[in-house]
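The values are calculated or read from the model by the stated rules, or taken from the named source; none is laboratory data. None of these values were measured; they are calculated from a predicted model. Note that each Cβ is placed from the backbone with ideal geometry, even for glycine, and that neighbours are counted across all protein chains shown.
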């Protein structure tokens, strides 16, 4: 496994480093955005720019950024969108405006650890063909306090971010199928980020982060998981409330995905894992026919159909069908 060097870079070393663009889409959360910005300016890797796309309906964020621009001249490139672009178009606009050869997407409610850019960027020295790299997340409460260590461990274990999986991923798409690849905090080549891009709400609903990560992993030459903490992931109402509506879009993504033969069994496992939630989500979206198709598929095994949850889903399908007719 690649060993990280000392990250305490001196000024001369930092001036020779390639520029990294930290891209932050934001909406109506200036207090949390301030914490995200403070974490950026605490980086040991000094050659970065911060590119901000602001969809807020008021001027609070604009005023906050003006103060930071005064304190850190030339480091922030800010645009306020009137009218708002929406998350998908906002992120794509950030990718387009990024001037660095690599970029890091950071949600406005999350925070980087001081070592994040240095540790992730160092991986390109070990593997120049890298397209993307990411580390582990520390779970924090809405007020910024760390959660108990067991919850942070459960988060990373649940997404297969464990020591056994550290290093170069032999089949990059597996990092997407296992949801190892995070929604933000990853470092990626700007060229690939632009090529993959975020798809529209009409295409992918609220599953834009998952969709982007999965398609990026499927297209990448090389991806690296660093078994070190690089960021703090904040629990907010939004971050834990959308799964049921995300599931049907994710299921359709997986159903359309083509993977190497070595990853086909894992793709099937991913579809089976999400199929029950997809059935529920399709009924919520008013698509009982699609819910029925998933319910009858091999991704929803017969034994599960006759379980209490399966019967409940059958009732949801019937209710959704009669509501439409």
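Computed values, structure above
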| item | result |
| --- | --- |
| All positions within region 281-291 that are within 20 Å of residue 268 (Cβ to Cβ) and surrounded by fewer than 22 Cβ atoms within 10 Å (Cβ to Cβ) | 290 |
| Filter pass, residue 235 being out of contact with any strand residue (DSSP E or B) (no Cβ under 6 Å at 6 or more places or on another chain), over 20 Å from residue 172 (Cβ atoms), in contact (Cβ under 8 Å) with a residue 40 or more places away in the chain and not assigned by TED's automatic domain parsing to the domain that holds residue 43 | no |
| Complete set of residues in region 240-265 that are farther than 17 Å from residue 216 by Cα and surrounded by fewer than 21 Cβ atoms within 10 Å (Cβ to Cβ) | 240, 241, 242, 243, 244, 245, 261, 262, 264, 265 |
| Residues (under 25 Å from residue 35 (Cα atoms) and part of a loop (DSSP other than H, G, I, E, B)) located in region 134-160 | 141, 142, 143, 144, 145, 147, 148 |
| Matching helices (runs of 4 or more DSSP H) fully within region 1-120 where at least 1 residues are buried (at least 17 other Cβ atoms within 10 Å of the Cβ) and at pLDDT below 95 | 87-97 |
| Any hit, region 191-203, residues being more than 14 Å from the chain's Cα centre (by Cα), part of a loop (DSSP other than H, G, I, E, B) and either assigned by TED's automatic domain parsing to the domain that holds residue 252 or buried (at least 21 other Cβ atoms within 10 Å of the Cβ) (or both) | no |
| Listing of helices (runs of 4 or more DSSP H) fully contained in region 255-317 that carry 1 or more residues being in contact (Cβ under 8 Å) with a residue 60 or more places away in the chain and over 21 Å from residue 204 (Cα atoms) | 264-284 |
